[in-house]
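First comes the structure, then the notes that go with it.
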Amino acid sequence: IPTGGVAASLAAGNTVLIKPASNAVLCAYMMCECFWAAGVSKKALQFIPTPGKLAGEVLIPDNKIDFLIFTGGEQTAYEMLKIKPDLHLSAETGGKDATIVTSLADKDQAIKNVVASAFNNSGQKCSATSLLVLEKELYEDSNFIDNLVDVASSLEVGSVWDFKNRIGTLSDLPQGNLNKALHHLDNQEQWVLEPSLAEENPYMLKPAIRYGTQAGDFCHMNELFGPVLSVLKADSLNDAIELVNATGYGLTSGIESLDKREQQTWQERLKAGNLYINRMTTGAIVLRQPFGGMGKSAIGSGRKAGGLNYVAQFMDISSTGALLLKSAKHVQVERLTALLDGERFFTQTLNDAIRIASHFASFLYDEFLQEHDYVNVRGESNIIRYLPIKSILLRLEESNNLVEMLVSIIAIKMSGATLILSMPKEISNEHMLWLHDKVTMLLDSNDEVYLEDVDSMLTHVPMVERIRFLDKESCQSSVYTLARKHSVHIATEPFISHGRIELMHYFYEQSISNSYHRYGNLGRKGLQNKENH
């Protein structure tokens, strides 16, 4: 994870300071030695082993730090934003990851994948399955549970230098949520595989499985980062999806089912950045499964590590108004054209807006409304798709350019989002007066327009998924503070008149990996792929 962040930042031309976690100092130093040995300057990549408290006091508030990449607990990320509310932060904040197993699953395959996802790396991966949600039929199947326990208990735990061992040591002694989970059962819960130690070593925790976890229980809602799996019962697939979404996290999630209808329902309703069908929830590979989550699992723009959009966030991109070659028709472009038809004022400006909006439409169709599989692995589809952000607050100021304001509105409506448009209470700029008079022609019935000061605008923040300012100077500290409280990302990058870049503000990325082969048999999907090639 840190290697990817360092490499991407360096590739974009930045100086990088790496501050490792306290228990990963030696690993991080060895990683830096690899970069330095490859020719990266020690000025370009600087190793800073320091306590987190000191980094918070010195590094984070420093205005020379343009961007911060963080992987760790969500509370730590929020503490960083409390220190510097306008911090440009990309944080992967873990997850309460789940695998759903339905009665239409291959049971042996499901057990193999769940055990590997839950206990490899001692369950300390942020993508590890820590919730197993079983449809009622399987939950009450004693053979299924016995087999699950048998496979998990057969995993050898001990020194990594003994090659029979599958699981090594914890990175630290159990503490916090993990320690509580090891010593506490909620009502109805029982251990079907009790926690124990290998070689009486407190760092060598063996796999443990708790059974009968209920909705809202401690181990349903909290991250553990250890080899503890909690099993819940669901009355149906829809019930299972609700149990998983209820955690508020959205990093990785899996389903074991051979029914394509169930797979389709699950991938349309499950809220997570990385979805896995009939395979492990761990082991994401660059470009195949770009990595990053939603909800409480991500803070920032949501651009996924290992994907084609990741590096761009570490650059200051500007547009020169150069010739835009691609264009396409779109109903929002038609609305804009109708609005400007016969308009006598700002003619060239308005024509520029139509030209840029048409350019945006071409990228909407070619990139954002398409599913992409960049590697085409036989037996496994790896789809990368974009999901529209559902609600956006766009704040405009009199200092903003009319073309940028118009096209930003069009871009948001192209994405399908509901728009709350906030404009100054007192308007003297003729461009903005014209826009306020005409803008309803571009909007839908569920969109809203407000004339208000920034303090009044704050009432909309809890109701949206994203806030967009067209320049950073217009965004006041009170907006950052409230947005942080409600986990709402604020995009303040300058408007870019290129659809591939600007439309990214209005979409999430999602990866869906589907191991569709059956023990090497590619089935009908394999035949379809052969015909397509």
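The values are calculated or read from the model by the stated rules, or taken from the named source; none is laboratory data. On a predicted model such as this, the values are computed, not experimentally measured, just so you know. Cβ coordinates were reconstructed from backbone atoms using ideal geometry, including for glycine residues, and neighbour counts include every protein chain displayed. In case anyone asks, the SASA skips ligands and DNA or RNA and just uses the protein heavy atoms, side chains included. Shrake-Rupley method; radii C 1.70, N 1.55, O 1.52, S 1.80 Å.
Tabulated data for the structure shown
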| read-out | value |
| --- | --- |
| Residue tally, condition open to solvent by 30 Å² or more (accessible area, probe 1.4 Å) and of a type in the set (A, V, I, L, M), over region 471-516 | 2 |
| Residue match in region 325-344 (condition: open to solvent by 30 Å² or more (accessible area, probe 1.4 Å), under 30 Å from the mean Cα position of the chain (by Cα), touching a residue at least 40 places away in the same chain (Cβ under 8 Å) and over 17 Å from residue 384 (Cα atoms)) | yes |
| Yes/no for residue 390 being in contact (Cβ under 8 Å) with a residue 12 or more places away in the chain, more than 31 Å from the chain's Cα centre (by Cα) and surrounded by fewer than 18 Cβ atoms within 10 Å (Cβ to Cβ) | no |
| Failed item, numbered, when residue 190 is tested on (1) of a type outside the set (Ser, Thr, Tyr); (2) exposed (fewer than 14 other Cβ atoms within 10 Å of the Cβ); (3) modelled with pLDDT of 95 or more; (4) farther than 20 Å from residue 148 by Cβ | (4) |
| Subset of region 345-372 that is open to solvent by 40 Å² or more (accessible area, probe 1.4 Å) and not polar (S, T, N, Q) - its residue that is nearest to residue 290 (Cα to Cα) | 371 |
| Residue within region 85-100 that is open to solvent by 20 Å² or more (accessible area, probe 1.4 Å), over 30 Å from residue 471 (Cα atoms) and among the polar types (S, T, N, Q) present | no |
| Residue within region 85-92 that is within 30 Å of residue 207 (Cα to Cα) and not small (Gly, Ala, Ser) present | yes |
| Subset of region 38-79 [in contact with a Phe, Trp or Tyr (Cβ under 7 Å, 6 or more places away or on another chain) and open to solvent by less than 70 Å² (accessible area, probe 1.4 Å)] | 45, 47, 67, 77 |
| Residue that is nearest to residue 149 (Cα to Cα) [pool: residues in region 61-111 that are part of a loop (DSSP other than H, G, I, E, B) and within 17 Å of the chain's Cα centre (by Cα)] | 96 |
| Residue check for residue 274: open to solvent by 50 Å² or more (accessible area, probe 1.4 Å) and either in contact with an Asp or Glu (Cβ under 9 Å, 6 or more places away or on another chain) or modelled with pLDDT of 95 or more (or both) | no |
| Qualifying residue in region 217-224 (condition: open to solvent by 40 Å² or more (accessible area, probe 1.4 Å) and within 30 Å of residue 14 (Cα to Cα)) | no |
| From 259, 235, 217, residue being in contact with a Lys or Arg (Cβ under 7 Å, 6 or more places away or on another chain) and on the phi < 0 side of the Ramachandran plot | 235 |
| Residue 146 being surrounded by fewer than 15 Cβ atoms within 10 Å (Cβ to Cβ), at pLDDT 95 or above and within 26 Å of residue 213 (Cα to Cα) | yes |
| Hits in region 202-216 - residues which are open to solvent by 20 Å² or more (accessible area, probe 1.4 Å) and either part of a strand (DSSP E or B) or in contact with a strand residue (DSSP E or B) (Cβ under 9 Å, 6 or more places away or on another chain) (or both) | 203, 206, 211, 214, 215 |
| Residues located in region 232-261, provided they are touching a Gly at 6+ places or on another chain (Cβ under 7 Å) and buried (at least 23 other Cβ atoms within 10 Å of the Cβ) | 249, 250, 251, 252 |
| Answer from 454, 439, 449, 488 - the residue that is modelled with pLDDT of 95 or more and among the β-branched types (Val, Ile, Thr) | 449 |
| Unmet requirement for residue 122, which otherwise passes all of (1) at pLDDT 95 or above; (2) in contact with a Leu (Cβ under 9 Å, 6 or more places away or on another chain) | (1) |
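Every residue, every condition in (1) assigned to a helix (DSSP H, G or I); (2) closer than 24 Å to residue 237 by Cβ; (3) under 23 Å from the mean Cα position of the chain (by Cα), yes or no:
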residue: 113; (1), (2), (3): yes, yes, yes
residue: 118; (1), (2), (3): yes, yes, yes
residue: 126; (1), (2), (3): no, no, yes
residue: 132; (1), (2), (3): no, yes, yes
residue: 144; (1), (2), (3): yes, yes, no
residue: 147; (1), (2), (3): yes, yes, no
residue: 152; (1), (2), (3): yes, no, no
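Quick grid of which residues meet (1) open to solvent by 10 Å² or more (accessible area, probe 1.4 Å); (2) aliphatic (A, V, I, L, M); (3) at positive phi:
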| residue | (1), (2), (3) |
| --- | --- |
| 402 | no, yes, no |
| 413 | yes, no, no |
| 416 | yes, no, yes |
| 441 | yes, yes, no |
